[in-house]
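Visitor: First the structure, then my questions, so here it is.
The values are calculated or read from the model by the stated rules, or taken from the named source; none is laboratory data. A quick note: this is a predicted structure, and the numbers were derived from the prediction, not measured. All Cβ positions, glycine included, derive from the backbone under ideal geometry; neighbour counts span all protein chains shown.
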Amino acid sequence: MQPDFFSTPAQVAGTGTPSGDAEWRTRAAWLRTELNRHNHAYHVLDNPTIPDAEYDKLFRELQALEAAHSELITPDSPTQRVGAAPLSQFAQVRHSAPMLSINNGFADEDIIAFDRRVKDALKSDTEVEYATELKFDGLAINLRYEDGILVEAATRGDGMTGENVTASIRTVRAIPLRLHASHPPKVIDVRGEVLMFKSDFARLNARQREAGQKEFANPRNAAAGSLRQLDSRITAQRVLRFFAYGIGVLEGADMPSSHAGLLDWYAELGIAVCNERAVVKGAQGLLGFFHGVAEKRPHLPYEIDGVVYKVNQLSEQRKLGFVSRAPRFALAHKFPAEEAMTIVQDIGVQVGRTGAITPVARLVPVSVGGVTVTNATLHNEDEVRRKDIQIGDTVIVRRAGDVIPEVVAFVPELRPENARQFSMPPVCPVCGSPIIRLEEEAVARCSGGWVKCAAQRKGGLLHFVSRRAMDVEGLGDQLVEQLVDKHVITTAADLYKMGLTSLAALDRMADKSAQNVLNALEKSKSTTLARFIYALGIRHVGESTAKELARHFGGLDALLQAAEEQLLDVADVGPVVARSIMLFVSDPFNLELIEQLRAAGVNWTEGAPESRPKPLLGKTFVLTGTLPDLSRDAAAEMIEAAGGKVAGSVSKKTSYVVAGEDAGSKLAKAQELGVPILDEIGLLQLLEKVNE
C-alpha cells in the first residue's frame, strides 16, 4: 500500500522529528519498491505500467529524500544504478566502461542553471560550447567492433552488465557489420539507440492486427520487443534503425577532440548518426536548439522525448567528470509529458458529421503535453472492450502534437472494486434516433441523418465551409452552433439565404463581422467542381477522390447520373466508395440540396469528361517546405490539373519532391532514396515543358 502522505520540498529539506524520520523511511522504502517494479516492467518486460513523467516524478522525490537524509540511501536504490537487470534467457555482457544515464531538465530555468554550473566548474570567462542532439525514444545499445568487424552487441541492462543481443543486431541493416575504414581502430565501443520509425511502427501494428496478435503500445516498445527476441529471425522481419551518440572504449586510434568531431568520425566510418544536431554556445544557444526541435518534432519520422546537451570539448568533459550515476557535462532537456495518468470519471458518446458514435472518456483534468485534457477518445465500442477500459479506472492518456488525446491503457492494480463497464446507448443522445451498427463496420451510427440530428447537421455544415471545401472564412464552430441551435439554418443552402439582420443578432456578432461573413459566402459561390463534390460530405469521398471524380466526369450531372459500373472506372473509387456515392445520389433530400445550392448561385467551370491532357499521369509528387510564390494548394492544383498525384509521404515510388524553404524530413528522405528534387522554378519549368 502507498503511504497516505506525500513529502513536500519543505519536509524533505527539514531535519524532522523521530516520527518524521519514520515516515521518511517508509516513504523511501515504498518509492524504491515502486521504481524498481516500474524499471523491470519498462526495461525488462517491455511493458511500461506508468508514463515516463510519472516515473520521473517518483524518481525526483526519492532523490530529494536521499539528498536531505543520506542515511536513507541503500545499495538497491534506483538512484544508485541505471536501468534494470538483464533477462536470464540472454547471455550477460560486462561493459568495459559503464553505460550511465544522464540527468534530466524540464524547464528553461533548469538549463540556465546547468550552464551556470558547467561554466563555474570550468572557471570559464567565455560561453561554453555544447554539442546538441536529439533524445531518441528507443533502446540503448553498445556495439563492439574489433579490427573493424562487429563482434558483439549488448543492451544497457543495469549500466554495468547488459544482455547479449548480437544475433538480433546483425539483422539491423542500419548497423554496419564492417566499418568503412582501411585502418579501423583495434577496439571501439560505439554507443547509440536502436529505434523504429513511425511509419515502420504503423506497418508492424497493422500486421499484428491482421494476424490477431497483440499490438505494441509505441515505437519504443516495438523496437525493444523486436530486438530482444530470442529468435533473431523475427527481428529480421521488422525494420529497426540505429543512431550513434556516444563511445565507450577506444583502442588503436586517436580520440577526436570534441563530441561533434566524434559523430563526424562515426559518419565517415559508415555508422549512422542523426543530422538533427548542432554546436551552440551558452544557455541561449541550448534553448534555441530546444525550441527549434520542438517545432519540428511532429514532422520527424521518429519519436523523441527531448534533446541532449553535452559539453563539446572532450577535455572539458574529463575535467567535469561524473556524479554517482550521471556525467556532470551532460543534461537531457525533456519535452512536456505526452503521456499522463488520470481517472475516468465517466464514458459518454459524441456524434460526428456522418453519424459516427464515438465513446469519449470524461477525465479528471490532467496536463498532457502542456495542455489540460478533460476528454479523450476511445474510438469505438470494440476498442473499449479490447483495452478493457472501465468507468473508475486509472488510465494512461496520450497526446501528440495536435492529435486528439486518446486513452492508451488502464492500470490494472489501481482498478477500484466499483468500476463499471461502458454500454453503447440504444439511441442518439442528440436526436433520439436509434443507434445502429452494420455487420461489416466497427463504428455504430445515429440513424437520424442531417434532417433529424443537430450534431450531424453542425458537423456537415462545418465540413461544407471548411478551407478545402467551400472555404468560407469566418464561419467557425461557435457561429455554426448558434445558427443551428437557434434554427437560423437547416441545410448548407440556407447559408446563402441569410441576411445581415439575422446574423448580426447572434452572440458576439455585429454588423461589420456579420457583413464579413456574408462577403465570404458570396465569394465562395465561385468554386471548382472538385471542391463542391468534397463539400457535399459524401461518405468515403475525400479530397483526392473528389478531384478524381471531377476529372473523370467533367460535370456534376454526369456524376449524378452515373451507374455504379461507371463509378468503378474512376481512379481511387472501389466498391465501398461507389456504393456510398450511389446511396447519396439516390436520396431526394441530397438532390434537392444540390439544386438549392445551384439556385443560390454556387457555380464552377465544367468541361468534357477527361477532356484535358494529362502529361503527368502516373507521376507522384510530394510537397515540402514553403515555396517562394506558390501556396501548397496552388502547386498541388497545378500538378493535379496536369494529371499528377500529390502524396503526403516520400517513398521509392515518388517521382519528384518539390522542396521550399525549411523543408524537413521529407527532403532528407528524398535525398536518401535518390528521388529527384525540384524547387518552385523547377516545378514550373516541368509543367511548362509537359504542357507544350
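Visitor: If you scan segment 301-329, which residues turn out to be part of a loop (DSSP other than H, G, I, E, B), in contact with a Leu (Cβ under 7 Å, 6 or more places away or on another chain) and surrounded by fewer than 21 Cβ atoms within 10 Å (Cβ to Cβ)?
Guide: Passing the criteria: 325, 326, 328.
Quick grid of which residues meet (1) exposed (fewer than 15 other Cβ atoms within 10 Å of the Cβ); (2) farther than 30 Å from residue 275 by Cα; (3) modelled with pLDDT of 90 or more:
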| site | (1), (2), (3) |
| --- | --- |
| 589 | yes, yes, no |
| 602 | no, yes, yes |
| 621 | no, no, yes |
| 626 | yes, no, no |
| 662 | yes, no, no |
| 690 | no, yes, no |
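Visitor: Next question, about the same structure. If I ask for residues that are without any contact (Cβ under 8 Å) to a residue 60 or more places away in the chain and outside any loop (DSSP other than H, G, I, E, B), which ones from segment 114-142 would you list?
Guide: Within segment 114-142, 119, 120, 140 meet the criteria.
Visitor: Of the residues that sit in segment 237-275 and are charged (D, E, K, R) and assigned to a helix (DSSP H, G or I), which one is surrounded by the most Cβ atoms within 10 Å (Cβ to Cβ)?
Guide: Across segment 237-275, the extreme among qualifying residues is 264.
Visitor: Among all residue pairs at least 6 apart or on different chains, which show Cβ distances below 7 Å where the first residue, located in segment 48-73, is not assigned by TED's automatic domain parsing to the domain that holds residue 220 and the second is part of a helix (DSSP H, G or I) and of a type in the set (Phe, Trp, Tyr)?
Guide: Sorted first by the residue in segment 48-73, then by its partner, the pairs are 48/42; 65/24; 69/24; 72/24.
Visitor: Now a separate question. Can you name every residue in segment 106-134 that is surrounded by fewer than 20 Cβ atoms within 10 Å (Cβ to Cβ) and closer than 30 Å to residue 181 by Cβ?
Guide: The one that is surrounded by fewer than 20 Cβ atoms within 10 Å (Cβ to Cβ) and closer than 30 Å to residue 181 by Cβ: 129.
Visitor: Kindly indicate whether any position in segment 364-377 is more than 15 Å from residue 51 (Cβ to Cβ), in contact (Cβ under 8 Å) with a residue 24 or more places away in the chain and buried (at least 18 other Cβ atoms within 10 Å of the Cβ).
Guide: no
Visitor: Taking the criterion of being basic (Lys, Arg) and not in a strand (DSSP E or B), would at least one residue in segment 94-113 satisfy it?
Guide: Filtering segment 94-113 down to residues basic (Lys, Arg) leaves 94.
In the following step, the residues that additionally are not in a strand (DSSP E or B) were identified as none.
Checked segment 94-113: no residue is basic (Lys, Arg) and not in a strand (DSSP E or B).
Visitor: Could you please let me know if residue 493 is under 26 Å from residue 360 (Cβ atoms), at pLDDT 90 or above and surrounded by 17 or more Cβ atoms within 10 Å (Cβ to Cβ)?
Guide: no
Visitor: Go through segment 104-130 and give me each residue that's among the small types (Gly, Ala, Ser) and over 30 Å from the mean Cα position of the chain (by Cα).
Guide: Of everything in segment 104-130, those that are among the small types (Gly, Ala, Ser) and over 30 Å from the mean Cα position of the chain (by Cα) turn out to be 113, 121, 124.
Visitor: Kindly provide the set of residues from segment 467-480 that are surrounded by 15 or more Cβ atoms within 10 Å (Cβ to Cβ) and more than 12 Å from residue 521 (Cα to Cα), ordered by number.
Guide: Hits for segment 467-480 are 469, 479, 480.
Visitor: Follow-up question, since we're still on this one. So residue 616 clears everything in (1) crowded, with 19+ Cβ neighbours inside 10 Å; (2) touching a residue at least 40 places away in the same chain (Cβ under 8 Å); (3) assigned to a helix (DSSP H, G or I) except one condition, right? Which one?
Guide: (3)
Visitor: Hey, any hits in segment 178-188 for a residue that's surrounded by fewer than 16 Cβ atoms within 10 Å (Cβ to Cβ) and in contact with a strand residue (DSSP E or B) (Cβ under 8 Å, 6 or more places away or on another chain)?
Guide: Taking every residue of segment 178-188 in turn, at least one turns out to be surrounded by fewer than 16 Cβ atoms within 10 Å (Cβ to Cβ) and in contact with a strand residue (DSSP E or B) (Cβ under 8 Å, 6 or more places away or on another chain).
Visitor: Turning to a different aspect of this structure: Go through the residues of segment 331-345 one by one and say whether even a single one is in a loop (DSSP other than H, G, I, E, B), among the aliphatic types (A, V, I, L, M) and buried (at least 22 other Cβ atoms within 10 Å of the Cβ).
Guide: Within segment 331-345, one or more residues are in a loop (DSSP other than H, G, I, E, B), among the aliphatic types (A, V, I, L, M) and buried (at least 22 other Cβ atoms within 10 Å of the Cβ).
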